[in-house]
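Enquirer: Let me give you the structure first, and then I'll get to my questions.
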Amino acid sequence: KAGVTQTPRYLIKTRGQQVTLSCSPISGHRSVSWYQQTPGQGLQFLFEYFSETQRNKGNFPGRFSGRQFSNSRSEMNVSTLELGDSALYLCASSLGDRVNEQYFGPGTRLTVT
Amino acid sequence: GQQVMQIPQYQHVQEGEDFTTYCNSSTTLSNIQWYKQRPGGHPVFLIQLVKSGEVKKQKRLTFQFGEAKKNSSLHITATQTTDVGTYFCQDTDKLIFGTGTRLQVFP
């Protein structure tokens, strides 16, 4: 069974631009969560989607948004990029209607210059 | 808001020594999960604890959930170099991760 895939793996953007990251969960998994990881702030929860609905949201500004499609694939968008948005963005998928064991993708490394 | 703190932040041990990381939440947890992240890798699920006072073992790893469900611990007996990484706890309700404990094992 294929694991969680994220595209692109690396991205360099300029301040003020916007970016869209993509996550394909494990086949059959309906929950997708997004996390931001930085050396200073650790692993921070962004949002979680289940069956195309945002079920849980972390404490991030409105510049961070996401969505989930009917095939469970998910995207997250960051608008008006800031230098502090440079981070590893991880997505994780989980099987059922409660978040249990999460399987993480390799992440997208975003650098904002 | 809720905070999930882990101590210590870093731990360096000699191979064969034991290691423990503690996870403390400012609020009561429903369930807690533990993950391990190797350097350069992504978090990998270790275990989920559900019941108050629960203790689970996986080979050299022992996980405990506090009676009040506000804290948890992970203990590794006789560490090996393969145990190197950062260990995170996570509140499964709010999906908040703990601050993590980075373990370094010297051969």
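Derivation of every value follows stated rules applied to the coordinates shown; laboratory data play no part. This is a predicted model, so every value here is computed, not measured. Positions of Cβ are generated from backbone atoms using ideal geometry, with glycine treated the same way; all protein chains shown enter the neighbour counts.
Enquirer: Rounded, prolate or oblate for segment B:56-107? Axes are the square roots of the Cα gyration tensor eigenvalues, ordered a ≥ b ≥ c, and the cut-off for rounded is a/c under 1.5.
Expert: oblate
Enquirer: Trypsin sites (Lys or Arg not before Pro) within segment A:24-61: which are DSSP loop residues with at most 16 other Cβ atoms inside 10 Å?
Expert: Of the trypsin sites (Lys or Arg not before Pro), the ones in loops of segment A:24-61 whose Cβ has at most 16 other Cβ atoms within 10 Å are A:Arg30.
Enquirer: Okay, moving on. If you wrap a convex hull around the C-alpha atoms of chain B and split its volume per residue, what is the figure in Å³?
Expert: 87 Å³
Enquirer: Ratio of segment A:3-100's C-alpha Rg to 2.2 N^0.38 Å, to two decimals?
Expert: This ratio for segment A:3-100 stands at 1.03.
Enquirer: What Rg and what Dmax come out for segment A:56-113 when only alpha-carbon atoms are used, in angstroms?
Expert: Values for segment A:56-113 (Cα only, Rg and Dmax): 12.9, 39 Å.
Enquirer: Taking B:Lys59 as the anchor, which lysines have their alpha carbon closer than 16 Å to its alpha carbon, excluding any fewer than eight residues away along the same chain?
Expert: Reachable lysines: B:Lys36.
Enquirer: Compactness ratio of the protein assembly as shown: Cα Rg over 2.2 N^0.38 Å, N = residue count?
Expert: 1.02
Enquirer: Out of the chymotrypsin sites (Phe, Trp or Tyr not before Pro) in segment A:6-113, which ones are loop residues according to DSSP with at most 16 other C-beta atoms within 10 Å?
Expert: When the chymotrypsin sites (Phe, Trp or Tyr not before Pro) of segment A:6-113 are filtered for loop state and at most 16 Cβ neighbours within 10 Å, A:Phe69 remain.
Enquirer: Also: With just the Cα atoms defining each centre, how far is segment B:26-55 from segment A:52-75? Give it in Å.
Expert: What the calculation gives is 23 Å, centre to centre.
Enquirer: Segment A:20-113: which GluC sites (Glu not before Pro) are DSSP loop and have at most 13 other beta-carbon atoms within 10 angstrom?
Expert: Passing both the DSSP loop test and the Cβ count: A:Glu52, A:Glu82.
Enquirer: Give me the dipole magnitude in Debye, nearest 20, for chain A about the Cα centre, with unit charges on the beta carbon: positive for Lys and Arg, negative for Asp and Glu.
Expert: 140 debye
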